[in-house]
Each structure stands twice: as structure tokens, then as C-alpha cells.
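Right, one structure below, let's go through it.
The values are calculated or read from the model by the stated rules, or taken from the named source; none is laboratory data. Quick caveat, the model's predicted, so the values are computed rather than measured. When we count neighbours, we look across all protein chains shown, and the Cβ atoms used for this are built from the backbone with ideal geometry, even at glycine.
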Amino acid sequence: MTDTLDSFAALALPPYLLSALAEVGYETPSPIQAACIPHLLAGRDLLGEAQTGTGKTAAFALPILARLDLADKRPQALVLAPTRELAIQVAEAFQKYAHQMPGFHVLPIYGGQSMVIQLRALARGAQVIVGTPGRVMDHLERKSLNLDHLKTLVLDEADEMLRMGFIDDVEWILEHTPATRQTALFSATMPEPIRRIASRYLRDPEQVKIRAATTTVAAIKQKYWKVSGADKLEALTRMLEVEEDFEAAIVFVRTKTATVELADKLEARGYEAAALNGDMTQGLREQVIERLKNGSLDIVVATDVAARGLDVPRISHVINYDIPYDTEAYVHRIGRTGRAGRTGVAILFVSPREMRMLKTIERATRQPIEPVALPTRGEVAERRVQQFRQQVLDTLAEENLDFFYDVVRRMENEDGLATRQIAAALAFLAQRERPLQPEGLDEPAPSVPRAAPARSKRAVVPAPSLAPAERKPRSMPAAGRDFDAAPRLRYRIEVGRNQGALPKEIVGAIANEGGIDGRLIGQIDLFDDYSTVELPELPPQVLETLKRTRVRHLPLKIRPAKPGEGERTFKRKTASSPPRRKAR
Ligand code: AMP
């Protein structure tokens, strides 16, 4: 899909959506948006093979919004999503794009949220409902949700819904919506059960797929960092500090707004950074590129469009701060480095939800992308000490220090100090603005091997003139770490083998409804009429939610297992390798 339409206006979206998109800073439609929006606007059914990160949410949200009747408060569109986090995210996206649509209401409904609140909100009316299958079914059964006037149904991340055991619920919902509805199904993969659903419930669908052209990218060292713990800005600055052979970087983000925001933040941290986006005049853009070429800028934060054709041999690093929409964009981006026969480095930031896109890129470029860990406090400190030592050596070599030798000599004689004491105090004073031992940078144990920091030809060193508040190293959120390390307890749930429960469904339900990271769910043992699950100690609220959570239509009634319960005399199946997923 190279033939990306250049503007949203060309997609015949109404003006109130175009101005909302301009507000959020989207420059051009992503390939999946360019391909889907015209069909969905025309009322066609659609089968989209696309993963997170491609911009698929806007691909279905924009045409839904364009076709809404705002005077009618009854549900006109329903989006089914596998997790409550995704449901909330999708609802937020609708809200953002509908910014200029007074009277528009979107309602996320998911398990774990109070029924009373949901019932009240449903009674008030919403044109768009975004929900997880279980809770949507609940409301349909209670008749608190009426879909008789539904125009569009979207199945988002259908393969995830399958993996989490929700596909029967999805079919049930499909059966309980008007046959005249428009249906769009999005899935990163197309396993057989999803194809079956598509052929059964979609009418002559348009098929849209992100093309994965294979290319080679020889001179570029590719790495990725799985976004976790520290925020991306913190990660970026730490990486820039320890990267070897750094000369200049181009940092890719998705929106015009983000180019400006990130460039500002980098500047505030002392980097020579500037934004490059399609809103800037040609003259301004040329200026930025010229400054990058002549070395007065080290970092340019750009959108794909603005960086098209950029040829600056100084660019040693490409940072994919936001993941590109497809492999073609990735190859194009990283091609900004490794130019004129030099080698380059490309670093990709990938959120856990975008890992599939990473695999697609690896397949398309036929090269593995190496995981990297975030530099630790020790590594950052080591690099700063190296730079400090180099500054001292340079000063000794280049400056006339006669006056200062006198000052030191006087301190030795008159204050009775040793030279080493004086030097240490001076080192302390010299680093106050930019501490040699950065605080608060510690990380959980690295999950990937970390290369020893090498001496760099040059590192981007923030200028020392920063306001102290901006420099203050941020501390890492520790909650996730504590939870990770927490001992597991054994809980009993009231569904087992006889009820047909599968470990993946149990993992899905607990992760989804309890908001628990799937990786924290330990061994699951299935018995005839109950099962046991190893979990971190559950807070009372989560316990209450999970008591009511259903698997195979039965409430789990979860409680701590008693001694003897869950002993593995007739163990059937464990979750040692269940389809683990991170709760979203
Ligand atoms: P999705 O694949 O729908 O989860 O979207 C991934 C991210 O891309 C979200 O943060 C969106 O806000 C962003 N995004 C989607 N479409 C565009 C676009 N046309 N331009 C810039 N950013 C976009």
C-alpha cells in the first residue's frame, strides 16, 4: 500500500472531522486509513488485516462518525474489543475525533465497571458503544442495551477475541444485531475461525491488507526497545547519552503536534533539537535541514511526510519514537541513516501491543532486530564520568591555568588541604548542574543482555545551562516492579473441566476483567468442577470483580484456595505455556 492518499480531505470526510484531525495533528492518512475509509463511507463491509499501530482505530472511527445521525441518541455503532483497556482507548479515540460534533456520545462498557453506572449511562443514550463481548452480552440479555437501530458493527482485534475465548460471545452478539448492519472485522492475523466468521457474517467484504514488501537494509544496525517502565522521553535521552558514535539523529513521531512537543522537551533538556513537519513553510524546513547538515542541530524530530527524501550524511541514528504504520514506512525511515557509505543505527520503540508489528518488520526486512535494554544509572554515570575526565584532560591541554595553580596552591598552604581534597570538591561543584551520578534511573533487572558501554567518538551532551527543574532525573514508577516480584497465592475458581473451561479463557477473563498483566498469572490447574490459579495477592476490589467475572457463563466466585485444594494429584493441564497476553 504505497499509494497513500495525501490528505484526509481527499477521502471525502466531512469538514468537522477534518478540522478535528488537524487539531490532533494528523498530517496524512495512514495506508490502512486511506484504504478503508472510502469503502466504509460507502457502506461496504470490510475485512481488514491490520495490527495495532497501523492507525486502524481511526480507519473505522472516522467513517462511523461521518455517517452518524446526531439527533438520534440510540446506538448506531457498536465496536467489540477484546479488553477493557482497548475499549477505553477506542472510546477515547472516538471522543477525540468527534471533538466538533456537539451531542455526540460514546460509551465504553466493560466488565469490572459498576453496572449501576453503565445502566445509567445507557439509559441516557449514546450513538457509539465500545465494549468487551461479555459485558455487551450481559446488557443485551438484560435489555439495557438495544441494538435494533444499529447501522455498523466493528470487531476489533478479532484474533485476540478468539485467543481469549470470546468468539462464541461475539457470534452470539452478531446473531442479535440487525442483519442489515454494516460489518467491519479487523484482525492482525486471519486464523480459520476468524475467516469462518467473516464468510458467515460479512457481506461481500472489501479486503484490505497492509502490504509487507521485502527489502534489504544492509548498512544499518537495527535495535528495538520494548517500552516499559520509564517513559519514552526518559528512555530517549538515556539512550542518546550512551549511544556510541553518535553524530546526529532523526526522531520519528506520528503527529505534527508531537514533533513540536518533543523537540521542545529535548531542547529544555539541553539538546540542540528542532521540529520538522508539514505545517512549516518550505523555507523553514530548509533552514532546519541546513542546520542539521552544518552541525548546529543534533536532533530533528520529524513526521514521515516532512522527512521524505531527507539526505544528511551526518545522521548516525534514526529513532522510531512512534512505530511506523507499515514496513515500507519503516524502511523509508531508517534509510535516512547509513548514507554515503557510512553505517547507521536504527532504534525502534515498541509498546507491548505493537510487538506483532515488530515481527512483521523483521520478516519484511529479512533481518533480526535486536532487543536493547534501557541504559542503567551505572551506565549513564560511567558515560558522564568518561566525558568529565575528557573535559579535564582537554582543559589541561588547551588552557592557560597559571592563575588557577596559584589558587590551588594557596588552598594547600593556607587551608591545609590535600590536592585530592580540593580536586574532589571542585569536581563536585562542576557537576552540580548535571550530576555524574544521575538519581532515580534504576530499572528492573534487564531482560536482554546489555553491551558494555564503549567510548564514543562523540555523545550528545546537553548544554550545562539548564534550569535545575528540567534536569532533575525522573524516578521510575515502582508499582509494576513490586507487583512483579510479589509472591503468588493460589486461588480457587468455580469452573473446571466439566464446564469446559480452558486455561486460556481463565487467563483472558482474569487478565481482562481484573486488569492483571497476563504474565503475572501463574500455574492454572483444572479439576472436575473447579480450578486453581496462581496469582499475586489480589486487592479486595479486584477480588470482588473477579468473583462476578464469568467463564463459560459461570461466575468464577474466586477465593483463596484452602490447604489441600489445588493439589496436583489429577492435574490436567497447566498454564505453563498458555497464550499469555498483557492485559491492556
Ligand atoms: P492504532 O493503530 O489505531 O492503535 O493507532 C496507533 C496510533 O497512531 C494512535 O496513537 C493514533 O493516534 C495514531 N494515528 C492514527 N492515525 C494517524 C494519522 N493519520 N496520523 C498520525 N497519527 C495517527
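Any residue that is under 24 Å from the mean Cα position of the chain (by Cα), without any contact (Cβ under 8 Å) to a residue 40 or more places away in the chain, within 16 Å of the ligand (Cβ to nearest atom) and at negative phi - is there at least one of those in region 354-373?
Taking every residue of region 354-373 in turn, at least one turns out to be under 24 Å from the mean Cα position of the chain (by Cα), without any contact (Cβ under 8 Å) to a residue 40 or more places away in the chain, within 16 Å of the ligand (Cβ to nearest atom) and at negative phi.
Here is a check on your reading of the model: is residue 121 within 13 Å of the ligand (Cβ to nearest atom) and assigned to a helix (DSSP H, G or I)?
Answer is no for this residue.
Working only within region 43-74, note down all residues that are over 18 Å from residue 323 (Cα atoms), of a type outside the set (Lys, Arg) and touching an Asp or Glu at 6+ places or on another chain (Cβ under 9 Å).
45, 46, 47, 48, 60
Can you tell me which of 169, 148 is charged (D, E, K, R) and surrounded by fewer than 18 Cβ atoms within 10 Å (Cβ to Cβ)?
Only one candidate qualifies: 148.
Out of all the residues in region 280-303, which are touching a residue at least 60 places away in the same chain (Cβ under 8 Å) and either over 15 Å from residue 336 (Cα atoms) or within 16 Å of the ligand (Cβ to nearest atom) (or both)?
Answer for region 280-303, where residues must be touching a residue at least 60 places away in the same chain (Cβ under 8 Å) and either over 15 Å from residue 336 (Cα atoms) or within 16 Å of the ligand (Cβ to nearest atom) (or both): just 303.
Report every pair of residues separated by at least 6 positions or lying on different chains whose Cβ atoms are under 6 Å apart, first residue within region 24-40 and at pLDDT below 95 and charged (D, E, K, R), second more than 6 Å from the ligand (Cβ to nearest atom) and part of a loop (DSSP other than H, G, I, E, B).
Cβ pairs passing all conditions: 27/278; 27/303; 27/305.
Mind checking which residues of region 1-23 are under 24 Å from residue 259 (Cα atoms), touching a residue at least 60 places away in the same chain (Cβ under 8 Å) and among the aliphatic types (A, V, I, L, M)?
17, 20, 21
For region 230-261, which residues satisfy the criterion of being part of a helix (DSSP H, G or I), touching a Leu at 6+ places or on another chain (Cβ under 7 Å) and over 20 Å from residue 378 (Cα atoms)?
259
Yes or no: region 325-342 includes at least one residue that is more than 16 Å from the ligand (Cβ to nearest atom), outside the structural domain of residue 35 (by TED's automatic domain parsing) and part of a helix (DSSP H, G or I).
yes
Before we move on, is residue 91 on the phi < 0 side of the Ramachandran plot and within 25 Å of the chain's Cα centre (by Cα)?
yes
Here is a check on your reading of the model: is residue 242 modelled with pLDDT of 90 or more, among the β-branched types (Val, Ile, Thr) and under 24 Å from the mean Cα position of the chain (by Cα)?
In short, no.
For region 302-325, does any single residue satisfy the condition of being crowded, with 20+ Cβ neighbours inside 10 Å and out of contact with any strand residue (DSSP E or B) (no Cβ under 9 Å at 6 or more places or on another chain)?
Scanning region 302-325 turns up at least one residue that is crowded, with 20+ Cβ neighbours inside 10 Å and out of contact with any strand residue (DSSP E or B) (no Cβ under 9 Å at 6 or more places or on another chain).
Given the structure, is residue 77 touching a residue at least 40 places away in the same chain (Cβ under 8 Å) and touching a Phe, Trp or Tyr at 6+ places or on another chain (Cβ under 6 Å)?
no
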